[in-house]
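The values are calculated or read from the model by the stated rules, or taken from the named source; none is laboratory data. As the structure is a prediction and not an experimental result, all values here were calculated from the model. Here the Cβ positions follow ideal geometry from the backbone for every residue, glycine too, while neighbour counts run over all protein chains shown.
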Amino acid sequence: MLLRAFILAAAFLSSGAFLQAGTRDPAVPDSKYVDFGKEFPFVLKIKALEKLGDNAVGTIGAHCGSAVAIGSNWVLTAGHIFPEDNICGGYISFADKEREPLPLDIIVVHGGYPKSGVGWHDIAICHTPADIGLDFYPEIYTDFDEKNKVCTMSGFGATGTFTSGYGRSGDGLRRAGSNTISGVDKSVLICEPSRKGKTSLEFLICPGDSGGGLFIGNKLAGIVSYISGPPGGKKPRAVYGDTASFTRLSLYAGWVKAHMELVETALSMGETPDNPNILKVEP
C-alpha cells in the first residue's frame with residue numbers, strides 16, 4: 001500500500017510496570033481530583049482491538065488506557081498500548097458517555113519501542129477519520145528545561161492514595177493533579193510523590209493512565225509510560241517512594257510532526273486504508 005510506503009519513508013527523514021487514574025495526597029479529598037479532571041477534555045480513553053478469530057474482534061483489557069488529543073483527527077498515546085501480536089486497530093472514547101467512540105484507522109508506533117528497553121520510545125500517534133470536535137488541543141512542549149517545573153497530569157483508571165496505593169480497578173473517571181518534575185532519565189521525565197514541598201493537588205500516575213498526559217502550563221510535555229518501585233524489587237503501587245516516568249515529548253516533537261504530515265499527505269492523495277494500519281517506524 002502506498003500509504004505504508006510513505007510512512008516508512010518518513011522514518012529516514014524525521015528526527016517498570018506499564019500502566020493502564022492516579023494516586024493522591026491522602027489529606028486531599030478525591031473529589032478535588034475528579035473536579036480538576038474536568039478541565040482536561042482533551043484527555044481521552046483508548047483501547048486496542050485484538051483479532052480473536054477469523055471474523056471476531058475484541059478489546060484487550062491490558063492494553064487500554066488514556067490518550068491526548070493534539071488535533072481534530074489526532075491523538076498521542078503510549079506505544080505499549082499496541083503490542084505487536086494480533087492487534088487489528090483501536091478506538092478512542094470520551095468521558096461524556098453521550099458521545100460515540102471514534103475508530104482509529106492509522107496507528108504509528110515508534111520503531112524503537114520496545115527493543116531499546118524500558119525508558120525509551122514509548123510513544124504512538126493515532127489518526128481517526130472522524131472529527132474529535134474539541135475547542136482546544138494542546139501543543140507539544142519543545143523546550144528542554146522541564147526539570148523542576150511544576151506540572152499537571154491526567155488520565156483514566158485505578159486510584160488510591162500515596163499510603164494505600166492504587167486499587168485493583170478504576171471507576172472510569174478522569175482525574176487530574178499536580179507534581180514537580182524531579183529529573184530526566186533516558187527519554188523520560190520523572191515525578192515522585194512528596195511529603196514536603198508538595199503541590200496543592202499532589203498526584204501520581206497508576207494503572208489506567210498509560211498514554212495520558214503530563215502538562216507544563218497548557219502544553220503537552222509528557223506521555224504516561226510506567227511507574228517504578230524503590231531499589232530491591234518491591235512492586236510499585238504509586239505510593240511514597242515510587243517514581244513515575246513520562247515519555248519526554250521535547251525529544252519526539254519532530255518525530256510526531258513528520259509522521260502526522262506524512263499520513264495527512266498520503267490521505268490527501270486518496271490513500272485511505274481499507275483496515276487500520278499499525279506501523280512501527282524508526283526515528
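Of these, Val150, Val224, Val188, which one is under 29 Å from Lys257 (Cα atoms), surrounded by fewer than 19 Cβ atoms within 10 Å (Cβ to Cβ) and among the aliphatic types (A, V, I, L, M)? Within the list Val150, Val224, Val188, the selection yields Val150. Is it the case, given these coordinates, that Gly79 is within 17 Å of the chain's Cα centre (by Cα) and at pLDDT below 95? Here the answer is yes, as Gly79 does meet what is asked.
Of all residues in region 238-265, those that are buried (at least 23 other Cβ atoms within 10 Å of the Cβ) and farther than 23 Å from Glu146 by Cα total 2.
Yes/no per residue for (1) more than 18 Å from the chain's Cα centre (by Cα); (2) outside the structural domain of Glu98 (by TED's automatic domain parsing); (3) closer than 18 Å to Leu214 by Cβ:
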position	(1), (2), (3)
His121	no, no, yes
Ala124	no, no, yes
Pro129	yes, no, no
Gly133	yes, no, no
Thr142	no, yes, yes
Asp145	yes, yes, yes
Ser154	no, yes, yes
Gly157	no, yes, yes
Thr161	yes, yes, no
